[in-house]
Structure formats: C-alpha cells, structure tokens
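Working notes, structure below.
The values are calculated or read from the model by the stated rules, or taken from the named source; none is laboratory data. Bear in mind that the values here come from a model prediction, so they are computed numbers and not experimental data. When we count neighbours, we look across all protein chains shown, and the Cβ atoms used for this are built from the backbone with ideal geometry, even at glycine. Heads up: the accessible areas ignore ligands, DNA and RNA and are worked out on the full protein's heavy atoms, side chains in. Shrake-Rupley method; radii C 1.70, N 1.55, O 1.52, S 1.80 Å.
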Amino acid sequence: MSAKIISGKLLSQKLNSSLKNSIDQIKGIRAPKLTILQIGDNPASNKYIKHKLKSCKNVGIDCDHIKLDQNTTESELEKIIIDLNKNNKVDGVLVQLPLPNQINEKIIKNLIDPKKDADGFNPITLGNVLLDDTEIYPATPLGIIKLLESENINLAGANVTIIGRSNIVGKPLASILINKSATVTICNTKTKNLAKVCKNADILISAAGSANLVTKKFVNKRMTVIDVGSNFVNGKYCGDVDYDKVKKIVKYITPVPGGVGPMTIACLLENVFKLYLNNIK
Ligand code: NAD
C-alpha cells in the first residue's frame with residue numbers, strides 16, 4: 001500500500017481562490033498591499049520573490065518589490081523599514097532572507113512593526129504564537145497545520161516529532177502544536193539516535209534541510225510525514241525524505257515539490273489580508 005499524498009498544491013489553490021473572493025468582495029476600498037524588500041541578488045531569493053509576486057497578483061494583493069544593492073548598510077535598510085512602518089497604505093512588510101553579512105537579521109526582524117509583520121518573524125508575533133494569542137503566524141508552520149487539518153488528522157493527543165528547531169519553522173510549529181494539545185518532540189543535529197526518536201511518532205515533520213535524511217528506519221505504517229525540506233541534489237529539487245521508499249510504508253505524506261512550499265505562500269497571503277483588515281478598520 002502506498003501513502004495518501006497530501007497535496008499542498010491543491011489545498012493552496014483552494015485557499016488562494018477563497019482569499020481572492022474575500023478581496024474581491026471588499027469593494028470601494030484599496031487593495032491589500034505588501035512590500036517585499038530584497039538586499040542583493042541571491043538566486044534562491046529571486047526565485048521565491050518571483051513566486052510571491054505572481055501569487056499576490058493572482059489574488060488581488062498589490063505587491064511592491066524593492067531590490068536594494070548587496071552593499072546596502074543596516075542603517076539604510078532600517079530607514080526604509082521605519083518609513084514603511086509609518087506608511088498607512090502599506091499593510092505588510094517582508095524582508096527576504098538571507099541578508100548580507102553587514103546587516104543584523106535580529107535587528108531587522110525586531111524593527112518591522114508587528115502590525116505589518118507579514119512573515120510573522122517579529123519577536124512579539126512569535127511570543128504571541130507561543131501564548132496562543134495571535135492572528136498572525138509564521139507562514140510555513142501555519143501551512144503545515146492547515147495541511148494536517150485538511151485531512152482531519154488528529155492533533156490533540158498525537159505524538160509529533162519535528163526535526164529542526166529553527167525560529168521560523170521548528171520552534172513556532174512546536175508552539176502551535178502544543179497549543180493544540182499535541183505531545184511534541186523537537187530534534188536537532190545533536191539528537192541521539194534520531195531514527196529511533198522519530199520511529200514511533202504519529203506525525204513526523206522534517207525541517208532539517210538535508211536530502212534523504214528521513215529513511216524507512218524513521219517511519220511506521222500509521223505515520224503522517226510532512227516534508228518541509230527544500231534541497232537541490234544534482235540539480236533536482238527534493239525534500240528531506242527518501243520519498244519513493246517512505247511513501248510505501250506510511251499513511252500520509254507530502255510531496256516536494258507541491259507540498260509545504262505552496263502552502264507557505266498561501267499562508268503569507270492570508271497574513272497580508274489579515275493585516276490589511278486590521279489596518280483599514
Ligand atoms: P535551519 O537551517 O535554520 O534549521 C535547520 C534545523 O534542522 C536546525 O535546528 C538543525 O539542528 C536541524 N538539523 C539539520 N540537520 C539535521 C540532522 N541531520 N539531524 C537532526 N537535526 C538536523 O533551517 P530552516 O530555515 O528551519 O529550514 C529547514 C529546511 O526547510 C530548509 O531546507 C529550508 O529550505 C526549508 N524550508 C522550506 C520552506 C517551504 O516553504 N517549503 C519554508 C521554510 C524552510
């Protein structure tokens with residue numbers, strides 16, 4: 001038996017189409033507006049931004065892309081963010097990561113007004129995620145929750161193992177799951193016996209960024225596997241999971257591409273819409 005594939009591509013299309021309807025219905029008022037700031041010319045960032053611009057356009061979000069020179073200083077970027085924070089016609093501000101070395105990512109994340117925090121990376125937003133007191137969530141964790149809920153996969157009481165403890169995926173995702181009464185284990189590169197720690201989970205979420213990390217030894221037949229990883233091996237895009245072998249064993253699995261990636265963008269757009277609704281109140 002092969003696993004049921006949870007398609008992020010299909011679910012994101014549904015979410016985007018419902019978001020487009022909601023935006024279309026607000027007549028007479030300006031469109032929601034997102035500003036994306038990019039520093040430098042990182043090829044992966046160029047690709048991600050291209051997807052974001054296209055997706056914004058499709059749902060009716062007005063999106064500005066400001067591309068700054070690789071040598072932009074931290075204070076130059078700060079000044080632009082402060083101006084955007086003050087600009088009433090901008091609902092969401094997103095700084096594309098990674099940033100060049102001369103700019104401190106932490107300072108920049110802190111500076112974006114939580115009321116315009118489209119990515120959900122500001123410490124205040126993340127604190128509110130932890131406290132279960134927010135409308136805005138980092139897009140990738142929210143997308144993962146929506147994928148699980150779309151298949152009615154039980155989260156309350158589920159044993160969930162997450163590989164990866166980053167501030168943008170692993171930690172906020174663990175907080176959301178804990179708030180939904182899951183029992184959560186978070187792994188990192190120092191975790192001993194990783195396969196054994198994963199093996200008995202009901203849900204395994206891999207956000208390590210390491211191709212073929214999750215093999216048959218990590219899984220069981222009642223497991224749901226969510227693959228967040230985004231890797232290139234010999235020019236081929238893949239996740240963290242040894243997909244062809246693992247899908248023959250587990251109950252549900254997300255593909256790469258077409259799994260978490262499109263859900264991240266759909267949830268980013270949803271964040272912009274929520275920020276817009278609060279801004280025009
Ligand atoms: P990160 O590098 O900040 O964090 C990776 C985490 O995984 C770290 O906590 C590390 O300890 C852990 N890890 C790495 N290798 C491991 C191993 N062999 N065993 C156990 N733990 C290990 O990365 P991130 O920003 O959280 O992203 C993780 C992956 O997810 C990357 O491939 C990234 O490109 C991808 N990603 C995809 C999307 C999407 O929308 N599809 C969004 C965000 C991140």
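Backbone geometry of segment 131-144 corresponds, through the Karplus equation with coefficients 6.51, -1.76 and 1.60 at θ = phi - 60°, to 3J(HN,Hα) couplings of 7, 6, 9, 8, 9, 9, 10, x, 5, 5, x, 4, x, 5 Hz, x marking Gly and Pro. Using only side-chain charges placed at the Cβ, +1 for Lys and Arg and -1 for Asp and Glu, the dipole size of segment 157-229 relative to its Cα centre rounds to 280 debye. Extension gain for Glu76-Asn159 works out to 25.3 nm (0.36 nm per residue, less the C-alpha to C-alpha distance). Reported to the nearest whole Å, the Cα centre-to-centre distance from segment 202-281 to segment 26-65 is 22.
Accessible surface of segment 11-77, 1.4 Å probe: 50 percent of it comes from carbon and sulfur atoms. Between segment 122-139 and segment 148-186, what's the alpha-carbon centroid distance in Å? So the separation of the two Cα centres works out to 15 Å. When the pairs Lys14/Lys196; Lys47/Lys245; Lys57/Lys236; Lys190/Lys216; Lys52/Lys236 are compared against a 25 Å limit on Cα-Cα distance, Lys14/Lys196; Lys47/Lys245; Lys57/Lys236 fall above it. The charge dipole of segment 19-62, taken about the Cα centre with unit charges on the Cβ atoms of Lys, Arg (+1) and Asp, Glu (-1), comes to about 100 debye, rounded to the nearest 20. For the options Val197, Val225, Val93, a Gaussian network treatment of the chain with springs between C-alpha atoms closer than 10 Å singles out Val197 as fluctuating the most. Helix-only arithmetic for the chain: the sum of -39500 (n - 2.57) across DSSP H runs with n ≥ 4, divided by the residue total, places the mean residue ellipticity at 222 nm at -12500 deg cm²/dmol.
Only one residue of Ser206, Ile249, Ala182 has its Cα farthest out toward the positive end of the dipole of segment 138-277, where Lys and Arg carry +1 and Asp and Glu -1 on Cβ, and that residue is Ile249.
Between the listed residues Ile49, Ser75, Ser230, the Cα displaced farthest toward the positive end of the dipole of the chain, a dipole computed from Cβ unit charges relative to the Cα centre, is found at Ser230. Extension gain for Lys216-Lys47 works out to 57.7 nm (0.36 nm per residue, less the C-alpha to C-alpha distance).
When the chain is modelled as a GNM with alpha-carbon springs shorter than 10 Å, which of Ala156, Ala174, Ala201 fluctuates the most? Ranking Ala156, Ala174, Ala201 by mean-square fluctuation puts Ala156 first. Ordered from longest to shortest, the equivalent ellipsoid semi-axes for segment 182-281 are 29, 17, 13 Å, each the square root of 5 times a Cα gyration tensor eigenvalue. Near Gly40: Cβ cut-off under 9 Å, other residues only, Lys/Arg at +1 and Asp/Glu at -1. The net charge is -1.
How much length would be gained if the chain were fully extended between Arg30 and Ser18, taking 0.36 nm per residue of separation minus their Cα-Cα distance, in nm to one decimal?
Going from the current span to full extension adds 2.5 nm.
Mind listing which trypsin sites (Lys or Arg not before Pro) in segment 50-107 are in a DSSP loop and have 16 or fewer other Cβ atoms within 10 Å? Loop-located and lightly packed - Lys89. Taking Cα centre as origin and charging only the Cβ of basic (Lys, Arg, +1) and acidic (Asp, Glu, -1) residues, the dipole magnitude of the chain rounds to 1040 debye.
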